[in-house]
Amino acid sequence: MQALSPFMQRTVIYSGSNSRAYIPDLFRGLGAKRVVLFSDRGLEKAGIVEKTAKIFESASKGSGPELAGIYLDIAQDAESSSVNNAVSYAREVGADALLAVGGGSVLDTVKGVKYALHKGFSDIKTVIPKGILFEQFPDANHIPIPHIAMPTTAGTGSEVSPIAVIYNEDTKMKGNIINPYISSDIAVLDPELTVGLPAAITAFTGFDALTHAIEALASPIATALTDAHALQAIRLIEQNLPAAVTNGENIHARMEMLFASLMGITAFSCALNAIPVHNFAHAYGALFRIPHGLANAVFLPVVMEMLPDLYLPKITELAGAMNVRTGANEDREEVLGKVIEKLRLLQHKTGLPSDFSAYSLTEEGLKQAENAVEKDPAAAAFPIPKELIQAVGRMVAPIHIK
């Protein structure tokens, strides 16, 4: 008999071009009165903040909720200081509802804000002093703060995930709050807000979604439910990521990538166990401030090559979803090799690097990273041998390491 396997997707999904127009009505349905819009300076410059704020103008004249404020000082990796300052701002303006518009950093920051407001915390670092807080039902309960998330990238899927990844500036490590009720009440997937995303960011956020799906499929505690989401996410990414990178205004490809991102993280968070690619990506990203999706993109084929036993049990299914041609008599190792080759081809087609040579990692920096991989919360369920950590490190930083 298999162990208990909870599968929870509590977020309602609204999708389609201009679906953002429904946000005031959705907040009214949730009982919101004073909404704070959280985003970042980059999206302000891109005009997305103004575009989103305008939808409240007509709503506030009627019975709709009021836009009580806009908070934009959110840094990469959802820094704990960003969370704390955003919490203070929400309290200052008397917010009773949260609207997150952005990529993973913004979406995770707002989940941290939601948790801190609900629990009465002022410093989010006190919530995760050991790097991880894992709360499940019935200890985790509904958080009655109306919360809508609108992603502007197709990668993290943070708009629906029960995980907030928050960077601790003091320890230079990423911590995790895992609670099924910190995800948004409603996610709005509007592909029009992703068309201006630069090709490079489109590519590596897409690889983040792909990594979620592949690690979910390979998980020792995967189920038919998580496999269904993971495999469809992989199919959609293989079919649509190159098109979205080549032509950012391809609305169909953008919409499909948003769906893939959502399904990838759903599978990942509900089959959370062995995640060695994320283990490396968290550690290197925190130390060297490498964007999370880019770190995943570089590590994914390398880790699959170095840890084949994790991926071999479902390699046939993965190959099919990746549109990899295989022969009837090929053994699983050969199929794995073809899948890794396809991943490297996808890296190349989308303009992504195969290593971190651009970050000039040093021998000392690599040793720090090796220690961080061992200490990262992702290592709890699937520790990686020291010699393997070292071998992977030298594969992703070949130029500057002697």
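Summary of computed values
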| read-out | value |
| --- | --- |
| Extended-chain gain in nm, criterion 0.36 nm per residue less alpha-carbon gap, Ala391 and His252 | 46.0 nm |
| 0 to 90° range, to nearest 10: angle between helix 332-349 axis and the chain longest Cα axis | 50 |
| Under-5 Å amide H pairs with Ile74, H placed in peptide plane, nonlocal only | Arg41 |
| Å³ per residue enclosed by the Cα convex hull of the range 12-194 | 102 |
| Residues with amide H under 5 Å from that of Val12, placed H, sequence gap 5 or more | Ile186, Ala187 |
| Whole-Å semi-axes of the range 256-402's equivalent ellipsoid (Cα gyration tensor) | 25, 17, 16 |
| Under 14 Å, Cβ to Cβ, from Pro144 - net charge with Lys/Arg +1 and Asp/Glu -1 | +2 |
| Note, ³J(HN,Hα) from phi for the range 218-230, Karplus 6.51, -1.76, 1.60, rounded to Hz, x at Gly and Pro | 7, 4, x, 10, 4, 10, 4, 5, 5, 4, 4, 5, 5 |
| Assigned charges on the beta-carbon of Lys, Arg, Asp, Glu; the range 275-354 dipole about Cα centre (debye) | 380 |
| GNM top mover of Thr246, Thr266, Thr156 - the chain, alpha-carbon springs below 10 Å | Thr246 |
| Separation in nanometres of the label points that stand 7 Å from Cα toward Cβ, at His142 and Lys54 | 3.6 |
| On Cα atoms only, tilt of 48-61 relative to the major axis of the chain in degrees | 30 |
| Heavy-atom accessible area per residue - the chain, 1.4 Å, Å² | 41 |
| Two-site FRET efficiency, Lys375 against Ser5, from Cβ-Cβ distance with R₀ of 41 Å, rounded to 0.05 | 0.90 |
| The range 181-307: C-alpha gyration tensor shape, a/c 1.5 cut-off, then a/b vs b/c | oblate |
| Accessible area of Arg332 in the full protein assembly, 1.4 Å probe (Å², nearest 10) | 120 |
| The chain: Rg to Rh, with Rh as the Kirkwood radius over Cα pairs | 0.96 |
| C-alpha long axis of helix 276-288 to longest principal axis of the chain, angle in ° | 70 |
| Nearest-20 debye value, the range 199-396 charge dipole, Cβ charges on Lys, Arg, Asp, Glu | 320 |
| Calculated FRET value between Ser122 and Tyr14, using beta carbons and R₀ = 41 Å, to 0.05 | 0.80 |
| Dipole magnitude of the chain, debye to nearest 20 (Cβ charges: Lys/Arg +1, Asp/Glu -1, about Cα centre) | 460 |
| Per-residue ³J(HN,Hα) for the range 78-84, Karplus 6.51 cos²θ - 1.76 cosθ + 1.60, θ = phi - 60°, Hz, x for Gly and Pro | 6, 4, 4, 5, 5, 4, 4 |
| Formal net charge of residues neighbouring Val277 (Cβ-Cβ distance under 13 Å; K, R +1; D, E -1) | -4 |
| Entries of Lys342/Lys367; Lys54/Lys172; Lys174/Lys386; Lys111/Lys314; Lys54/Lys111; Lys119/Lys172 with Cα pairs more than 29 Å apart | Lys342/Lys367; Lys54/Lys172; Lys111/Lys314 |
| Within-14-Å neighbourhood charge of Ile265 [Cβ basis; K, R +1; D, E -1] | -2 |
| Residue-wise HN-Hα coupling along the range 107-120, computed from phi with Karplus coefficients 6.51, -1.76, 1.60 (Hz; x: Gly, Pro) | 5, 5, 4, 5, 5, x, 4, 4, 5, 5, 4, 5, 8, x |
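The values are calculated or read from the model by the stated rules, or taken from the named source; none is laboratory data. Because the structure is predicted, anything quoted here is derived from the model rather than measured. Here Cβ is always computed from backbone atoms with ideal geometry, including for glycine, and neighbour counts include all displayed protein chains. Ligands, DNA and RNA are stripped out before the accessible areas are found, and what is left, the full protein with its side chains, is counted by its heavy atoms. Shrake-Rupley method; radii C 1.70, N 1.55, O 1.52, S 1.80 Å.
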